[in-house]
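Participant: One structure coming up, written as structure tokens, with questions to follow.
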Ligand code: NAD
């Protein structure tokens, strides 16, 4: 039987633990999620019928603080995937030195088949089911794939009703008018773009000569495309779930965003009439995008898209993982042998959780910051943690992914040791 997503995620952590001073007991803590809840949510559909949907919330670990992690609406959501994503969140918060543990959740649903009002009722129903386990001091959800600020707003409202107290700090990624933070909606792309700039400086890349391909044009991918193109990088390919477009001279990203906002899919953009007629750019599949001749490849959609079957064909010299878990462990080994650098998800896409942290701090203090303050803090933290991870990779001759895990494990290990390990209780420390 093949290993589950959680077991595969854990294998990578165990491998990294060999390079860190983490006590063995801390590893056991990571192998055992703290709490897992599965619920059934009844939903009255617009046509009067009743359906049930399955939702999950996993609090993986709270050694460093309350759980933090997104809620995803996708047909593939299951408990195993939530456990794996929650484990990554534990590591991501530790890499970024945030006072949070890791959590994740979601509903197994295709939101594209629901009306807006059905999505609202489903979201509120989910929160009523999990209200006892989340909260500003226990576990703080945020947006993820196919959830957004409106959904976070409804959820915060529902949570506040459940606990009979206005509680904006229970969820992050909310609309500004409901206690959201400046900069949250673009934070993941913003943080990723800081990583690109740091790498460009290190590798002496100039933006106009750097060709970038981005898979996924949602919250994370779209903001990244816009920021990189504003900074002068040549974004030559983008895609969404329907397919992608490619122009080696570089795409006009503002035009693509405008067309997307008009409700068109990426592969329809620039095309008049039937899809195959008069396209000004090449239409490509999501698979083709991954193997284009570019300098920087940014997977920003779903997990497990770079696998042993296509890792040999990747032409980019650097992969920046804006999505969570886009590269399988087998692919990772192939990429490493080929000298392709992977800036891992737990570092590259940590801008989102970092501004979520700022949102939570603002909600709790009642002191709201302007966009410049958020930008500056995000830039500083991303650059600092990126440099720390890269320095560790150089110092110990590790891949960037391994170095990021080692940094996370050392922080988690310190907290576990402070609670006492076998050596401590046996009087050997
Ligand atoms: P989103 O729902 O806003 O966008 C998802 C995008 O992926 C859409 O453009 C969709 O068309 C595309 N997509 C879906 N299926 C696809 C497929 N099979 N092939 C190619 N593209 C496909 O989601 P998002 O918030 O942008 O999240 C994308 C990734 O980034 C996820 O892995 C998520 O966990 C990660 N991430 C997001 C944030 C955040 O703040 N939004 C933070 C950290 C990590």
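Taken together, the values in this text are just the output of simple stated rules run on the coordinates, not laboratory data. What you see is a predicted model, and the numbers here were worked out from it, not measured in a lab. Cβ placement follows ideal geometry from the backbone for every residue including glycine, while neighbour counts extend to all protein chains displayed.
Participant: Which of (1) under 20 Å from residue 358 (Cβ atoms); (2) assigned to a helix (DSSP H, G or I); (3) out of contact with any strand residue (DSSP E or B) (no Cβ under 8 Å at 6 or more places or on another chain) is the odd one out, the single condition residue 99 does not satisfy?
Facilitator: (2)
Participant: Anything in segment 156-175 that is touching a residue at least 40 places away in the same chain (Cβ under 8 Å) and either more than 16 Å from the ligand (Cβ to nearest atom) or assigned to a helix (DSSP H, G or I) (or both)? List them, or say none.
Facilitator: Correct list: 168, 169.
Participant: In segment 28-64, what residues are within 25 Å of residue 424 (Cα to Cα) and surrounded by fewer than 19 Cβ atoms within 10 Å (Cβ to Cβ)?
Facilitator: 28, 31, 32, 34
Participant: Let me ask something else about it. Scanning for something more than 18 Å from the chain's Cα centre (by Cα), part of a loop (DSSP other than H, G, I, E, B), within 16 Å of residue 299 (Cα to Cα) and within 13 Å of the ligand (Cβ to nearest atom), does segment 236-245 turn up at least one residue?
Facilitator: yes
Participant: Right, another one. The conditions are (1) away from the ligand (no atom under 13 Å from the Cβ); (2) within 22 Å of residue 345 (Cβ to Cβ); (3) over 20 Å from the mean Cα position of the chain (by Cα), and residue 227 fails exactly one of them. Which is it?
Facilitator: Residue 227 satisfies every listed condition except (3).
Participant: Would you list the strands (runs of 3 or more DSSP E) that sit entirely within segment 274-370 and hold 1 or more residues that are surrounded by 15 or more Cβ atoms within 10 Å (Cβ to Cβ) and near the ligand (Cβ under 10 Å from one of its atoms)?
Facilitator: 296-299
Participant: Restricted to segment 102-120, and to residues that are within 12 Å of the ligand (Cβ to nearest atom) and assigned to a helix (DSSP H, G or I), which residue is nearest to residue 412 (Cα to Cα)?
Facilitator: 111
Participant: Name the single residue that is nearest to the chain's Cα centre (by Cα) among those in segment 137-150 being over 16 Å from residue 360 (Cα atoms) and either touching a residue at least 40 places away in the same chain (Cβ under 8 Å) or within 11 Å of the ligand (Cβ to nearest atom) (or both).
Facilitator: Here the residue is 144.
Participant: Of the residues 198, 164, 222, only one is under 22 Å from the mean Cα position of the chain (by Cα) and surrounded by fewer than 20 Cβ atoms within 10 Å (Cβ to Cβ); which?
Facilitator: Matching residue, one of 198, 164, 222: 198.
Participant: Only one of 193, 123 is over 22 Å from residue 343 (Cβ atoms), touching a helix residue (DSSP H, G or I) at 6+ places or on another chain (Cβ under 6 Å) and within 16 Å of the ligand (Cβ to nearest atom); which?
Facilitator: Result: 123 is the single residue among 193, 123 that is over 22 Å from residue 343 (Cβ atoms), touching a helix residue (DSSP H, G or I) at 6+ places or on another chain (Cβ under 6 Å) and within 16 Å of the ligand (Cβ to nearest atom).
Participant: Could you tell me which residue of segment 201-216 is nearest to the chain's Cα centre (by Cα), considering only residues that are assigned to a loop (DSSP other than H, G, I, E, B) and surrounded by fewer than 24 Cβ atoms within 10 Å (Cβ to Cβ)?
Facilitator: 210
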